[in-house]
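Chemist: Can you keep this structure in mind? I'll have questions shortly.
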Amino acid sequence: MARRVIQDEFFRKAKREGYVARSAYKLAEIDDKRGILAKGFRVLDLGCAPGSWIQVAAERIGPRGTLVGVDLKQCEVKVPCKGETFVADAFKLDPEDLVDRAGGRFHVVLSDMAPSTTGAAGGTDHARSVQLCRKVLELATGVLRENGSLVMKVLEGEAYPSLLQETGLHFRHVKGLSPRASRDVSTEIFVIAKGFRSGGANEAPRRQSHVAPRAPDPVSGWGADSDRKDGA
Ligand SMILES: C[S@@+](CC[C@H](N)C(=O)[O-])C[C@H]1O[C@@H](n2cnc3c(N)ncnc32)[C@H](O)[C@@H]1O
């Protein structure tokens with residue numbers, strides 16, 4: 001069985017480069033490949049503590065961008081652009097309050113949240129994680145602007161294809177990505193959804209597929225040969 005290496009390449013790199021967690025490189029890779037963040041964007045970060053995604057997002061949205069971060073714990077990082085972080089349960093949030101805090105609907109919703117895992121066989125961790133993602137999806141549909149994007153972490157398992165399909169009811173493009181910085185023993189994968197359709201399931205979807213699109217696509221990095229660590 002593969003052992004979890006605590007102080008790996010990304011841990012050391014994060015220390016050197018001043019990020020509060022190695023997770024920074026997951027968001028950086030997601031954005032490099034999928035072009036999620038841009039200057040001046042409003043970003044909601046669910047489960048933001050200790051704050052490395054806040055650091056990466058702030059670099060990419062610049063001083064005119066706005067970041068709103070929420071976590072059950074205090075975030076270590078102070079938002080270096082417009083916005084704030086605050087302590088709350090992401091599922092007791094009022095979408096209107098979030099939009100007010102940001103000064104408008106969000107261009108991007110990020111969620112690196114995971115349920116407390118049991119490690120037990122039988123898919124309990126996966127089931128909880130999918131349940132969490134469904135709540136994130138619900139919240140995202142209440143706060144995103146038309147064409148916005150969603151990045152959410154899920155632990156892979158049998159309900160993963162259905163989760164992609166459900167996400168595809170609200171977004172034009174949906175695909176999974178497993179960043180290099182995800183630990184080798186982790187089953188985590190990130191669902192990346194772009195092109196939010198505020199009309200939701202009532203509007204005919206242009207693309208709901210969770211299969212990697214091969215045709216040329218206007219989004220940079222979309223349709224890359226493989227987005228999984230294992231090359232599958
Ligand atoms: C993997 S950490 C996030 C790391 C963060 N992206 C970073 O780069 O620093 C997951 C976070 O989700 C938070 N979390 C889990 N469930 C939550 C909930 N219901 N509401 C708010 N935060 C939650 C945890 O407290 C934890 O800090």
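Chemist: Regarding region 201-219, can at least one residue be identified that is at pLDDT 50 or above, part of a strand (DSSP E or B) and closer than 24 Å to Leu144 by Cβ?
Modeler: Checking region 201-219: not a single residue is at pLDDT 50 or above, part of a strand (DSSP E or B) and closer than 24 Å to Leu144 by Cβ.
Chemist: Still on this structure, I have one more. Testing Cys81 on (1) without any contact (Cβ under 8 Å) to a residue 24 or more places away in the chain; (2) within 21 Å of Gly35 (Cα to Cα); (3) within 15 Å of the chain's Cα centre (by Cα), one condition comes back false. Which one is that?
Modeler: (3)
Chemist: What are the pairs, 6+ residues apart or on separate chains, where a residue within region 175-193 that is in contact (Cβ under 8 Å) with a residue 12 or more places away in the chain has its Cβ under 9 Å from a residue that is of a type in the set (Ser, Thr, Tyr) and part of a strand (DSSP E or B)?
Modeler: Ile192/Ser149; Ala193/Ser149
Chemist: Is it the case that some residue within region 23-41 is in contact with a strand residue (DSSP E or B) (Cβ under 6 Å, 6 or more places away or on another chain), more than 7 Å from the ligand (Cβ to nearest atom) and hydroxyl-bearing (Ser, Thr, Tyr)?
Modeler: There is no residue in region 23-41 that is in contact with a strand residue (DSSP E or B) (Cβ under 6 Å, 6 or more places away or on another chain), more than 7 Å from the ligand (Cβ to nearest atom) and hydroxyl-bearing (Ser, Thr, Tyr).
Chemist: Follow-up question, since we're still on this one. In region 97-117, how many residues are open to solvent by less than 40 Å² (accessible area, probe 1.4 Å) and away from the ligand (no atom under 15 Å from the Cβ)?
Modeler: Going through region 97-117, the residues open to solvent by less than 40 Å² (accessible area, probe 1.4 Å) turn out to be 98-99, 102, 104, 106-113, 115.
The next check asks that each one be away from the ligand (no atom under 15 Å from the Cβ); those that pass are 99, 102, 104, 106-107.
Total meeting the criteria: 5.
Chemist: Something else: Just for region 64-96: of the residues that are within 11 Å of the ligand (Cβ to nearest atom) and among the β-branched types (Val, Ile, Thr), which one is least open to solvent (accessible area, probe 1.4 Å)?
Modeler: Once the filter is applied, the top-ranked residue is Val70.
The values are calculated or read from the model by the stated rules, or taken from the named source; none is laboratory data. Model, not experiment: these values are computed from the prediction. Note that we place each Cβ from the backbone using ideal geometry, even for glycine, and neighbour counts take in every protein chain shown. Protein only, heavy atoms only, side chains kept; ligands, DNA and RNA dropped before computing areas. Shrake-Rupley method; radii C 1.70, N 1.55, O 1.52, S 1.80 Å.
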